[in-house]
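Rule-based calculations on the coordinates, nothing more; no lab input. This structure is a prediction, so every number in the text was calculated from the model and none was measured. Note: ideal-geometry Cβ built from the backbone for every residue, glycine included; neighbour counts use all protein chains shown.
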Amino acid sequence: MYIVKKQLEIAGCHRLDLPYNSPCTNVHGHNWKITVHCKADTLNEQGMVIDFKHIKEAVHDYLDHGNFNELLPFNPTAENIAKWVCDKVPGCFRVDVEESTANIATYIRD
Ligand SMILES: [Zn+2]
């Protein structure tokens, strides 16, 4: 099995829809660090699991400097973002979304 890991840095803003008082319900920004893990049993014709460039195009180029509430059709929590990224990238089985060094969500496809 081959595994590749692509790290992306994405600037953007969001606000969370929460049923309790939280500063996160106000629009605020993050420099998200998103790590995308992909695997394959065999390599493609180019000798890759997936081209790192295609991961960047699918995730970074869509979200960077954007308003996640406008770009994504769900409450843009780190957990929901991780699942969305995993669904978007072929061969992806794990995504880590880091809002800060202390706040990290991981989605793993079973
Ligand atoms: Zn936030």
**Prompt:** Applying the selection to the stretch 63-110, what residues are surrounded by 14 or more Cβ atoms within 10 Å (Cβ to Cβ) and hydroxyl-bearing (Ser, Thr, Tyr)?
**Reply:** 77, 106, 107
**Prompt:** Of (1) more than 14 Å from the ligand (Cβ to nearest atom); (2) more than 23 Å from residue 110 (Cα to Cα), residue 31 satisfies all except one. Which?
**Reply:** (1)
**Message:** Tell me yes or no: at least one residue of the stretch 34-45 is within 14 Å of the ligand (Cβ to nearest atom) and touching a helix residue (DSSP H, G or I) at 6+ places or on another chain (Cβ under 9 Å).
**Reply:** yes
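Does residue 18 fit the bill of being within 15 Å of the ligand (Cβ to nearest atom), among the hydrophobic types (A, V, I, L, M, F, W, C), in contact with a Leu (Cβ under 8 Å, 6 or more places away or on another chain) and farther than 19 Å from residue 107 by Cα?
Numbers: within 15 Å of the ligand (Cβ to nearest atom): yes; among the hydrophobic types (A, V, I, L, M, F, W, C): yes; in contact with a Leu (Cβ under 8 Å, 6 or more places away or on another chain): no; farther than 19 Å from residue 107 by Cα: yes.
When the stated conditions are applied, residue 18 does not pass them.
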**Request:** Working only within the stretch 50-91, note down all residues that are closer than 12 Å to residue 14 by Cβ and part of a helix (DSSP H, G or I).
**Result:** 63, 68, 69, 70, 71, 78, 80, 81
**Asked** So, in the stretch 1-49, of the ones that are among the acidic types (Asp, Glu) and in a loop (DSSP other than H, G, I, E, B), which residue ends up farthest from residue 95 (Cα to Cα)?
**Response** 45
**Complete:** Contact list, first residue from the stretch 21-49 and surrounded by 10 or more Cβ atoms within 10 Å (Cβ to Cβ), second anywhere and part of a helix (DSSP H, G or I), beta-carbon distance below 7 Å, six or more apart or interchain, is 34/85; 36/55; 36/85
**Meets criteria (within 14 Å of the ligand (Cβ to nearest atom) and either at positive phi or of a type outside the set (S, T, N, Q) (or both)) for residue 52** = no
